[in-house]
1. Could you please tell me which pairs satisfy a Cβ distance under 8 Å, a separation of 6+ or placement on different chains, a first residue in the range 29-48 that is in a strand (DSSP E or B), and a second residue that is among the charged types (D, E, K, R) and at pLDDT 85 or above?
2. Please work out which one of (1) hydroxyl-bearing (Ser, Thr, Tyr); (2) assigned to a strand (DSSP E or B); (3) more than 21 Å from Lys94 (Cα to Cα) is the condition Tyr119 fails and give its number.
3. Considering (1) closer than 30 Å to Asn185 by Cβ; (2) among the charged types (D, E, K, R); (3) surrounded by fewer than 19 Cβ atoms within 10 Å (Cβ to Cβ), say which one Arg84 fails and leave the rest.
4. Answer yes or no: is there a residue in the range 263-272 that is out of contact with any His (no Cβ under 9 Å at 6 or more places or on another chain) and more than 30 Å from Glu164 (Cβ to Cβ).
5. Checking Gly167 against (1) among the small types (Gly, Ala, Ser); (2) under 24 Å from Glu104 (Cα atoms); (3) touching a residue at least 12 places away in the same chain (Cβ under 8 Å), only one condition comes out false. Which one?
6. Taking the options Ile284, Ile254, name whichever one is among the hydrophobic types (A, V, I, L, M, F, W, C) and closer than 16 Å to Glu165 by Cβ.
7. Please identify the pairs in which a residue from the range 328-354 that is in a loop (DSSP other than H, G, I, E, B) has its Cβ atom under 8 Å from the Cβ atom of a residue that is at pLDDT 95 or above and surrounded by 19 or more Cβ atoms within 10 Å (Cβ to Cβ), counting only partners at least 6 apart or on another chain.
8. Mind listing whichever residues of the range 199-231 are surrounded by 18 or more Cβ atoms within 10 Å (Cβ to Cβ) and modelled with pLDDT under 95?
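The values are calculated or read from the model by the stated rules, or taken from the named source; none is laboratory data. A quick note: this is a predicted structure, and the numbers were derived from the prediction, not measured. Quick reminder, even Gly has a Cβ in these numbers, built from the backbone with ideal geometry, and neighbours come from all protein chains shown.
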Amino acid sequence: MTYMIKSHFAFALLFLINISVFGQEVEEREVSDWNPDIIGSSVIRGIEFSYHVNTDYAISSKSDLYGDGSGKIDKNRIFKTKLRFPILLKNKLKLAGSFEYSDEEFKFQNIGDNNYPLYRSLNDKNLKSIGGSIYLLSQLKRNMYFMFRFNGKLKGDYWQEHLEEVGKYTFLKMEITPVIGWKVNPNKSWGVGIAYSYTFGDPLIFPVLQYNQNFSKKWGVEAFLPARIKIRYHPSDLFFVSAKAKLTGGSYSIHLDDSSLEDFKTLELRRADVNFSLELEKGITDWLWVSFDAGYRANINFDVTNKNHVFGFSGNKLSSQQNIINSNANGGSFFNFSLFIVPSKTILKKFGLN
């Protein structure tokens, strides 16, 4: 067993060192380098464990079936672990993958006195997400690249008795993002593309813009709009300070334990937040890092629908989607703590990889 753990750990570390070919922390690269990363980019997290907490916030709901309801969520926590690994690494073609597992839980205040079915059904329910991504990066011309990401996950409360009563693709959520970009120089790259994603909670098709640029040796910006933007300050090799804005959206297939919804085997809880935060990333050693991220969360939507995989273009629905429950969740503070591993000669030597 010890040998197996060591082998898998070494495999992950090999990926971390190989992925530097995408451009991370390679000061001597030529201007003609084609990959999108720039000098001084944030460290790549190869093996990561994180714990995210949204502090207490009020919620109110409206429904033609249930009427109005209100409550308070005492705590909303998410535990996540992620592993990235190589598949194919060549001079003009990079193919990598990732595996991710997360578990989210809501705890409502005074749930015994609240008879609103959404809150009763969500309370202490484990909403799980398991799946992975495929990343492709290819050189098209001297300084031109093509990037493609496919993400597929099973998301919902699928460790329940009703699992046998629904279709096998009910919990599957997929996202696709192709991007074409240009490496201007080692300090600047940009690209444009299109995404089919749950970034806004609902599945939408929308344009994306990738933009990375250094303003000086210590200051830079990394953006993938509209999903996220980060302004980073890099005072030393083992320390980053970043101001961030990030959209976090998704959909869970769930079962509400209520007799009036017995005709629906599963429903979809679609939610999206925009997080504004300050993040500190510190290397304990050159291979073991921690990060602390804290800020304010603003809710975009928190709705329940019986429509599976209904999508639109840039927010315009293609069908007359009818939410069963429309909710408004107040904003509030959040914090996230992460422990992760990055490549270093020190740890590679420990595993005989250098």
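1. Ile47/Lys82; Ile47/Arg84; Glu48/Lys80; Glu48/Lys82
2. Tallying (1) hydroxyl-bearing (Ser, Thr, Tyr); (2) assigned to a strand (DSSP E or B); (3) more than 21 Å from Lys94 (Cα to Cα), Tyr119 fails exactly one: (2).
3. (3) is the only condition that Arg84 fails.
4. The answer is yes; a qualifying residue exists.
5. Among (1) among the small types (Gly, Ala, Ser); (2) under 24 Å from Glu104 (Cα atoms); (3) touching a residue at least 12 places away in the same chain (Cβ under 8 Å), the lone unmet condition for Gly167 is (3).
6. Numbers: Ile284 fails: closer than 16 Å to Glu165 by Cβ.
Just one listed residue meets the conditions, Ile254.
7. Sorted first by the residue in the range 328-354, then by its partner, the pairs are Asn330/Ile59; Asn330/Asn299; Gly331/Arg297; Gly331/Asn299; Val342/Trp289.
8. Matches in the range 199-231: Thr199, Phe200, Gly201, Asp202, Pro203, Leu204.
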